[in-house]
1. Having 3 or more residues that are within 12 Å of the chain's Cα centre (by Cα) is the bar; report the strands (runs of 3 or more DSSP E) wholly within region 33-97 that clear it.
2. When residue 144 is evaluated against the numbered criteria (1) closer than 25 Å to residue 37 by Cβ; (2) over 18 Å from the mean Cα position of the chain (by Cα); (3) loosely packed, with under 15 Cβ neighbours inside 10 Å, which criterion, by number, is the only one it fails?
3. Can you name the residue in region 37-49 that is among the hydrophobic types (A, V, I, L, M, F, W, C) and near the ligand (Cβ under 10 Å from one of its atoms) and is also surrounded by the most Cβ atoms within 10 Å (Cβ to Cβ) among such residues?
4. Examine region 100-107 for a residue that is within 13 Å of the ligand (Cβ to nearest atom), of a type in the set (D, E, K, R) and modelled with pLDDT under 95, and state whether such a residue exists.
5. Out of 152, 124, 82, which single residue is within 25 Å of residue 26 (Cα to Cα) and without any contact (Cβ under 8 Å) to a residue 40 or more places away in the chain?
6. I need a count of the residues in region 16-32 that are within 11 Å of the ligand (Cβ to nearest atom), farther than 14 Å from residue 183 by Cβ and part of a helix (DSSP H, G or I).
7. Taking region 108-146 only, how many residues are within 13 Å of the ligand (Cβ to nearest atom) and of a type outside the set (A, V, I, L, M)?
8. May I ask you to verify whether residue 82 is away from the ligand (no atom under 15 Å from the Cβ) and surrounded by fewer than 20 Cβ atoms within 10 Å (Cβ to Cβ)?
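The values are calculated or read from the model by the stated rules, or taken from the named source; none is laboratory data. This structure is a prediction, so every number in the text was calculated from the model and none was measured. Cβ sites come from the backbone with ideal geometry, for glycine too, and all protein chains shown count toward neighbours.
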Amino acid sequence: MSDKIYMGEKLFWENKFLNRKNKLMDPDEFLINKVDFFKKGSVLDIACGDGRNSLFLSENGFEVTGVDFSDEALKRLLVFSKERSQIIKVKKLDVSKNKFLDELEIFDNIIINHYKLPLNQLLKIHYKLKKNGILYICGFGEKNKINNGLRKEDLLLKSDINKILDYYNLISFLDKENDLGNIVQYILRKK
Ligand SMILES: C[S@@+](CC[C@H](N)C(=O)[O-])C[C@H]1O[C@@H](n2cnc3c(N)ncnc32)[C@H](O)[C@@H]1O
C-alpha cells in the first residue's frame, strides 16, 4: 500500500490550502453560465473549499452556506468573504460521515463541485432540498484515465446519477474536456 497522502484525506487538503497563494481562484467555468438554472434563495455548497463558488453565488444574490472538513479552507473562505463584504455561513463538517445531513437545514439549491460525495449520502441529499430545488453536480467524468492523482472512486458515475433519478428531473447535462480532463456536469431539479 502506498504511504503517499491521497486527496481524499484531510491532511492532503489542509496542506494544499496552507500552501495556496493568498488569492481566491476564479469560480468554476462550468458553473458561471448555469446560475440561471438555480432557484432563487439559498445554496448549500458541499465541500466548498476556500469558497470560489460560494462567493460567486453570494455575489449573484444567493444566501450561501459552505461546508468543508478543512480548517484551512474555511479560514481562507472567511478572509475572502470579509474582503468582499459578502456573508457566507460556514460549517466544518466531514460530509462522508453518516450524520452530516442532520446538521443542515433545507435549501433551494445544493452544489457539489469537484468532490465525489459518497453514494450513501448522494442517495439522501434530496431530503435537504426544497421542492423544485436544484442539485448541481460537476466533476471528473468516467472518460478520465486513472492515475496516482485520480482514483476510480473519484469519478462521477452515470450509474450513480441514475440511482437518484426517482427524486429529480435531469434538466441539463454536459460532458466536456478542459485542461483538467473530462468534466461532466449534471443539473437536476427535485420533483
Ligand atoms: C477539489 S476541492 C473542491 C473545492 C470546491 N468545491 C471548488 O470547486 O473549488 C475538494 C474539497 O473537498 C473537501 N473535502 C474532501 N473530503 C471531504 C469530506 N469528507 N468532508 C468535507 N469536505 C471534504 C476538501 O477539503 C476540498 O476543499
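1. Working: elements: 42-46, 63-68, 88-92.
Where strands (runs of 3 or more DSSP E) fall fully within region 33-97 and carry at least 3 residues being within 12 Å of the chain's Cα centre (by Cα), they are 42-46, 63-68.
2. Condition (3) is where residue 144 drops out.
3. Restricting attention to region 37-49, the residues satisfying the condition of being among the hydrophobic types (A, V, I, L, M, F, W, C) are 37-38, 43-44, 46-48.
Those still in the list that are near the ligand (Cβ under 10 Å from one of its atoms) too: 46-48.
On the way: 46: 25, 47: 21, 48: 29.
Applying the filter and picking the extreme gives 48.
4. So in region 100-107, the residues within 13 Å of the ligand (Cβ to nearest atom) come out as 100-101, 103-104.
Now drop any that are not of a type in the set (D, E, K, R), which leaves 103.
Now restrict to residues that are modelled with pLDDT under 95: 103.
Checking region 100-107: at least one residue is within 13 Å of the ligand (Cβ to nearest atom), of a type in the set (D, E, K, R) and modelled with pLDDT under 95.
5. Working: 152 fails: within 25 Å of residue 26 (Cα to Cα); 124 fails: within 25 Å of residue 26 (Cα to Cα).
Only one candidate qualifies: 82.
6. 2
7. 11
8. Details: away from the ligand (no atom under 15 Å from the Cβ): yes; surrounded by fewer than 20 Cβ atoms within 10 Å (Cβ to Cβ): yes.
When the stated conditions are applied, residue 82 passes them.
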